[in-house]
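The values are calculated or read from the model by the stated rules, or taken from the named source; none is laboratory data. All figures in this text were calculated on a predicted structure; none of them were measured in a lab. In this analysis, Cβ positions are derived from the backbone assuming ideal geometry, glycine residues included, and neighbour counts consider all displayed protein chains. We work out accessible area using only protein heavy atoms, side chains counted, and drop any ligands, DNA or RNA first. Shrake-Rupley method; radii C 1.70, N 1.55, O 1.52, S 1.80 Å.
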Amino acid sequence: MQATKPLEDIRDAMSRPHVQKSLNNNMLEIMAWDLMELMTTENDYNQHIRRFLNILLGDDPDTAHLELIDSNNMQDVSLRDQLMQLVQESLSRSDEFLYRVSESRDRVAFAIEQRTQLKSQLDKVAANATKRRD
């Protein structure tokens, strides 16, 4: 029932277990770590897509000398164009996903910084309140 009891002062807030648990919880750090891992994995996938697209376009130096598509065969060219469109769409989606995950991670990092600053300020106020009472 202590969680619903009104706060009397900062020391009172800092002595409550649920406040301490909220300030010391490491879930935001775990979330930031997981988002970074997700970005790393997606970036690796993204690089593979880019390389595949470069190969299809004939811009890859390792495979430029190979004749992968018969330019005289219109069916091959048409299939290549369809494949390139699908690969470009996949690359766009991957880029967008990376952007959104990066933005999310930035916001989580900002929340971590805000929590750290709040905890520091509350600790200072609580220490000053303790000095005044003593």
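Annotations
- Any hit, region 63-84, residues being open to solvent by 80 Å² or more (accessible area, probe 1.4 Å), at pLDDT 85 or above and over 30 Å from K131 (Cα atoms): yes
- Each residue in region 7-63 was checked for being among the aliphatic types (A, V, I, L, M) and over 21 Å from A111 (Cβ atoms), and 7 pass.
- Counted residues, region 88-117 - those being over 13 Å from the mean Cα position of the chain (by Cα) and open to solvent by 80 Å² or more (accessible area, probe 1.4 Å): 5
- Meets criteria (of a type outside the set (G, A, S) and not in a helix (DSSP H, G or I)) for N72: yes
- The number of residues in region 25-40 being without any contact (Cβ under 8 Å) to a residue 24 or more places away in the chain and part of a helix (DSSP H, G or I) comes to 6.
- Scan of region 41-51 for residues that are open to solvent by 70 Å² or more (accessible area, probe 1.4 Å) and either in contact (Cβ under 8 Å) with a residue 12 or more places away in the chain or in contact with an Asp or Glu (Cβ under 6 Å, 6 or more places away or on another chain) (or both), ordered by number: Y45, R50
- Odd one out for N54, checked against (1) in contact (Cβ under 8 Å) with a residue 24 or more places away in the chain; (2) open to solvent by less than 70 Å² (accessible area, probe 1.4 Å); (3) farther than 23 Å from Q121 by Cβ: (1)
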